[in-house]
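Colleague: The structure that follows is given in the form of structure tokens.
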Amino acid sequence: MNAEEVKGFFSDRSQLDMADYLELEYYLECVGDVRKALAHFCSEQSTAQWSRVGVDEDFRELYGAKVISWEVLEELPELSYPVEQAAVGKIHACRVLVAHPHRNFGAKLPNLMTAVCGEGTFFTPGVPIVKLLDITFPENYLAEFEGPKFGIEGIREMLDAHDRPIFFGVVKPNIGLKPEHFAEIAHQSWLGGLDIAKDDEMLADVSWSTMSRRSELLGKARREAERVTGDKKIYLANITDEVDRMIELHDIAVENGANALLVNALPVGLSAVRMLRRHTRVPLIGHFPFIAAFSRLDKYGVHSKVVTKLQRLAGLDAVIMPGFGNRMMTPEQEVLDNVHECLREMGGLKRSLPVPGGSDSALTLEMVHQKVGGVDFGFVPGRGIFGHPMGPRAGAASIRQAWEAIESGIALGEYAVDHPELGAMLGK
């Protein structure tokens, strides 16, 4: 690639109508000439060859991705991760902003992802280390997406639960329970004060616990818990499956009384989520299998907040994500970034409920509340409810008691004196 060819993949923001572009932020490790490597990077993820041999044409102006700013962070003695590749020369770590014309793929999530984190992006000569850090969407592009159908406000309205977190519980044991046992455990947790009893992300439509039978029993248990408590409840059924079965499973579960549905968004694909959003009559809640495989390395892959943003774009009303603490091996700022992506303004899209989770219980609720900085979050214990020494009803009660203490400004230990369910969690 000669100097003139390289120049065609650089531009200034002021020279572009940014309404026509997605703005992509990358961390790159470039080998050899940095400008040449960056030009290759933009070429490979957009036009590649930009004209026919012997024809006076140039597709770069309309269809080429363009570097609009870049910074060399440091020169490295070696690549952050060993990658066999042909380029030779000095290695530079760079922070790069790329303007990518969305006319190249339109409002289609599979095609968007193919462009910004596909073959061209991760197999560019001279750029062996890539991490997509962020995507900024123009308003006109966001307007092409429906986003969440219910969002935070819709879920709160369903539950008549305002000015507090939404309390989830992952029924445990997560694998092996017969539907009858599953329903009884969930019923007890609802009686104890849980808002949402949910299938585990690994519990699918299986021979020993079919979606038909499980949702039938859970629907009945939910309605009975509502009758006894006078409070609205949600059964969150996992319909993750082969894509061509998901509409069928949606209909079975909802008809039987599931009033929210869990989807493992990346395993089924964001396009499948978008399909469900157009069909669904109940909120869709996403879980995070496969995300760590993309995001955990700090200098390679895709930042998890990009995935959160795409899940909201696809239409998830709530996004379960790796939460705080060492159990989830996710830096605190990354958790907060994901929470923020659910809550911040994003065109006309409704806000998704962020649900940071991982080994939570009544003992961690105050910490999560403080770190999130508000009440717009879901709290999702598993064993913290269903492994409670006094049973799941007491486990759910301990969560509500912890929240009562937080609202009242009373230390958990003091509040536990007169609340044995919370006391059992504290070891009183």
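The values are calculated or read from the model by the stated rules, or taken from the named source; none is laboratory data. Everything numeric here is computed off the predicted structure, so don't read it as measured data. Every residue, glycine among them, receives a Cβ derived from its backbone with ideal geometry; neighbour counts consider all protein chains shown.
Colleague: Could you look through the range 330-355, keep only residues that are in a loop (DSSP other than H, G, I, E, B) and of a type outside the set (Lys, Arg), and pick out the one that is surrounded by the fewest Cβ atoms within 10 Å (Cβ to Cβ)?
Modeller: Checking each candidate, the answer is 345.
Colleague: Tell me, which residue of the range 227-248 that is within 13 Å of residue 275 (Cβ to Cβ) and of a type outside the set (Asp, Glu) is surrounded by the fewest Cβ atoms within 10 Å (Cβ to Cβ)?
Modeller: The qualifying residue surrounded by the fewest Cβ atoms within 10 Å (Cβ to Cβ) is 243.
Colleague: Within the group 224, 216, which residue is surrounded by fewer than 24 Cβ atoms within 10 Å (Cβ to Cβ) and either farther than 20 Å from residue 167 by Cα or at pLDDT below 95 (or both)?
Modeller: 216
Colleague: If you don't mind, there's one more thing I want to ask. Scan the range 378-392 residue by residue and report those that are touching a residue at least 60 places away in the same chain (Cβ under 8 Å), of a type outside the set (Phe, Trp, Tyr) and not in a helix (DSSP H, G or I).
Modeller: 378, 380, 381, 382, 387, 391
Colleague: Looking at the range 222-231, is at least one residue among the polar types (S, T, N, Q) and either part of a strand (DSSP E or B) or under 30 Å from residue 178 (Cβ atoms) (or both)?
Modeller: Checked the range 222-231: at least one residue is among the polar types (S, T, N, Q) and either part of a strand (DSSP E or B) or under 30 Å from residue 178 (Cβ atoms) (or both).
Colleague: Further question on the same structure: Go over the candidates 96, 67, 72 one by one and state the one that is over 22 Å from residue 310 (Cβ atoms) and out of contact with any His (no Cβ under 9 Å at 6 or more places or on another chain).
Modeller: 67
Colleague: From the list 382, 325, 395, which one is in contact with a Gly (Cβ under 9 Å, 6 or more places away or on another chain) and over 18 Å from residue 196 (Cβ atoms)? If you could, list the steps in order and put the result at the bottom.
Modeller: Working: 382 fails: over 18 Å from residue 196 (Cβ atoms); 395 fails: over 18 Å from residue 196 (Cβ atoms).
So the residue among 382, 325, 395 that is in contact with a Gly (Cβ under 9 Å, 6 or more places away or on another chain) and over 18 Å from residue 196 (Cβ atoms) is 325.
Colleague: Let me ask something else. So the check is Cβ under 6 Å with 6+ separation or different chains; which pairs have a first residue in the range 148-163 that's closer than 15 Å to residue 375 by Cβ and at pLDDT 95 or above and a second one that's of a type in the set (Lys, Arg) and assigned to a helix (DSSP H, G or I)?
Modeller: 162/156
Colleague: Can you pull out every residue in the range 152-190 that is surrounded by 21 or more Cβ atoms within 10 Å (Cβ to Cβ) and either aromatic (Phe, Trp, Tyr) or within 30 Å of residue 347 (Cα to Cα) (or both)?
Modeller: Scanning the range 152-190 gives 152, 155, 165, 166, 167, 168, 182, 190.
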